[in-house]
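Accompanying notes for the structure given below.
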Amino acid sequence: MIEKKFESDLLYNKIVHYYVDKKHFSKEQANSIAQNIIKREIERRKCKNLQCRHSLNDHIRNSETCLVLDCNCIKFVK
């Protein structure tokens with residue numbers, strides 16, 4: 001199974017609207033929080049193998065094999 005693509009724009013918009021509408025934060029505060037969350041999520045979805053560093057989208061989830069042809073990564077490292 002291949003992981004579906006991470007859509008950072010949609011998540012960013014949802015986070016900003018949540019903090020502005022529900023928590024009554026300023027737009028600047030909400031943007032800052034959203035940027036931090038997006039950075040963390042992107043980093044979380046990258047292979048921790050220093051030679052690979054491809055995203056989870058480039059790995060087959062069941063076998064955790066990298067789909068990039070010239071990559072030496074054998075297993076997705078969390």
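The values are calculated or read from the model by the stated rules, or taken from the named source; none is laboratory data. In this text the structure is predicted, and so the values were computed from the model without any measurement. Cβ placement follows ideal geometry from the backbone for every residue including glycine, while neighbour counts extend to all protein chains displayed.
Take the residues in the stretch 46-76 that are surrounded by 15 or more Cβ atoms within 10 Å (Cβ to Cβ) and assigned to a loop (DSSP other than H, G, I, E, B); name whichever of them is modelled with the lowest pLDDT. In this case the residue turns out to be Phe76. In the stretch 4-42, which residues are closer than 19 Å to Ser55 by Cβ, among the aromatic types (Phe, Trp, Tyr) and in a loop (DSSP other than H, G, I, E, B)? Answer for the stretch 4-42, where residues must be closer than 19 Å to Ser55 by Cβ, among the aromatic types (Phe, Trp, Tyr) and in a loop (DSSP other than H, G, I, E, B): just Phe6.
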